[in-house]
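Novice: Following this message is one structure expressed as structure tokens.
The values are calculated or read from the model by the stated rules, or taken from the named source; none is laboratory data. Being a predicted model, the structure only gives us computed values, none of them experimental. Heads up, the Cβs are rebuilt from the backbone with ideal geometry, glycines too, and the neighbour counts pull from every protein chain shown.
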Amino acid sequence: MMLLDSSVWVEHLTAGPRTAGKEGLFEHPESILVSAVNLYEVGRYVLRTSGQAVMEEVLLHMEECHVAPVDAQVGRLAIELATANGLHMADALIAATALLHGATLVTLDAELLALPGSREP
């Protein structure tokens, strides 16, 4: 299982060069983990740039994946990750979600790439 970070979703949705040729990452939603934080970050971005209708379509697509909530266990691990690695709240919550689910964190974020179990697309 892999958790696609918000940076990867946005790069894919905007046809950015860093995910060009990597469409296969998105082909099997059953093998993709999405943090509730990813839903927020990507949804907010799409709402600002493309409007409500497009945001709803994107979120419905993301919700075909396994959506993991932010719970106490995620929150506690996120505190540790943020403290040890200088991560912002959202990144710490996303990284904690990946770790707790045994998922590879696929990201374009340099701070997250420094964590074990993460990789670029």
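Novice: Being closer than 16 Å to Thr14 by Cα, touching a Lys or Arg at 6+ places or on another chain (Cβ under 9 Å) and not β-branched (Val, Ile, Thr), is that true of even one residue in region 58-81?
Specialist: If we filter region 58-81 for residues that are closer than 16 Å to Thr14 by Cα, which is where we start, we get 58-59, 61-62.
Next, from what is left, pick out any that are touching a Lys or Arg at 6+ places or on another chain (Cβ under 9 Å): none.
No, region 58-81 has no match at all.
Novice: Give the residue, chosen from Asp91, Asp71, that is of a type in the set (Asp, Glu) and over 15 Å from the mean Cα position of the chain (by Cα). Steps first, answer last, please.
Specialist: Working: Asp91 fails: over 15 Å from the mean Cα position of the chain (by Cα).
When all the criteria are applied, what remains is Asp71.
Novice: Based on this model, can you work out whether Glu120 counts as among the acidic types (Asp, Glu), crowded, with 16+ Cβ neighbours inside 10 Å and under 13 Å from the mean Cα position of the chain (by Cα)? Walk me through how you get there before you give the answer.
Specialist: Numbers: among the acidic types (Asp, Glu): yes; crowded, with 16+ Cβ neighbours inside 10 Å: no; under 13 Å from the mean Cα position of the chain (by Cα): yes.
So Glu120 does not fit the description; no.
Novice: Loosely packed, with under 13 Cβ neighbours inside 10 Å, on the phi < 0 side of the Ramachandran plot and under 15 Å from the mean Cα position of the chain (by Cα), is that true of Ser31?
Specialist: On the way: loosely packed, with under 13 Cβ neighbours inside 10 Å: yes; on the phi < 0 side of the Ramachandran plot: yes; under 15 Å from the mean Cα position of the chain (by Cα): yes.
So Ser31 passes the test.
Novice: Spot the failing condition for Ala15; the list is (1) aliphatic (A, V, I, L, M); (2) assigned to a helix (DSSP H, G or I); (3) without any contact (Cβ under 8 Å) to a residue 24 or more places away in the chain, and only one is missed.
Specialist: Condition (2) is where Ala15 drops out.
Novice: Can you list residue pairs whose Cβ atoms sit under 6 Å apart, with the first residue in region 22-49 being free of Cβ contacts under 8 Å to residues at least 40 places away in the same chain and the second being outside any strand (DSSP E or B) and of a type in the set (D, E, K, R)? Count only pairs 6 or more apart in sequence or on different chains.
Specialist: Within 6 Å, the pairs are Pro29/Glu64.
Novice: To continue, here is another question. Scan region 67-121 for residues that are in a helix (DSSP H, G or I) and β-branched (Val, Ile, Thr) and jot them down. Break it down into steps so the answer makes sense when it comes.
Specialist: Filtering region 67-121 for residues in a helix (DSSP H, G or I) gives 72-85, 89-100, 110-113.
Residues satisfying the conditions are Val74, Ile79, Thr83, Ile94, Thr97.
Novice: Can you tell me which residue among Glu64, Glu57 is in a helix (DSSP H, G or I) and of a type in the set (D, E, K, R)?
Specialist: Numbers: Glu64 fails: in a helix (DSSP H, G or I).
After ruling out the rest, the residue left standing is Glu57.
Novice: Among the residues that make up region 35-49, is at least one of them under 19 Å from Leu112 (Cβ atoms), part of a strand (DSSP E or B) and modelled with pLDDT of 95 or more?
Specialist: We begin by selecting, within region 35-49, every residue under 19 Å from Leu112 (Cβ atoms); these are 35-42, 44-45.
Then keep just the ones that are part of a strand (DSSP E or B); that gives 35.
In the following step, the residues that additionally are modelled with pLDDT of 95 or more were identified as 35.
Looking through region 35-49, at least one residue is under 19 Å from Leu112 (Cβ atoms), part of a strand (DSSP E or B) and modelled with pLDDT of 95 or more.
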